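Engineer: Sharing a structure below in structure tokens format, with a few things to ask.
The values are calculated or read from the model by the stated rules, or taken from the named source; none is laboratory data. Computed from a predicted structure; not experimentally measured. Here the Cβ positions follow ideal geometry from the backbone for every residue, glycine too, while neighbour counts run over all protein chains shown.
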Amino acid sequence: MKILFMLLISCSLSLAGVWSSLNQSGINRAYNSLNSLVKTRNSKIKSIWEGEIKALIDEILKQTQIKEENLKKLEALNKELSLDKEELNFLLKQYQELLNLKANVNAL
């Protein structure tokens, strides 16, 4: 009789895990509520990204490209100005040499 009783208790305890998994526990509901919270926050963040941040990033990229183009133009103009200054210095030296030669000729 004791053996039968022990066998019955051991069988019922071994099936306790199966019985407890049949009904929905509180941890499943907690995970589901957490999952829904994460999904709603992700959708809010996604809408902020698409609505505000992405537009700002696109505008920044556009302004950066314009700035780079303007810097390239400015660099080209600086090079041209430098060449003009060198040419002007060369012409001034030649004019000075011509004046020196004229002064030498007039002195003779």
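Engineer: Is it the case that Lys85 is charged (D, E, K, R) and either touching a Pro at 6+ places or on another chain (Cβ under 6 Å) or modelled with pLDDT under 90 (or both)? Steps first, please.
Structural biologist: Numbers: charged (D, E, K, R): yes; either touching a Pro at 6+ places or on another chain (Cβ under 6 Å) or modelled with pLDDT under 90 (or both): no.
Here the answer is no, as Lys85 does not meet what is asked.
Engineer: Any idea which of Ser25, Ser36, Ser10, Ser21 is modelled with pLDDT of 75 or more and hydroxyl-bearing (Ser, Thr, Tyr)?
Structural biologist: After applying the criteria, what remains is Ser36.
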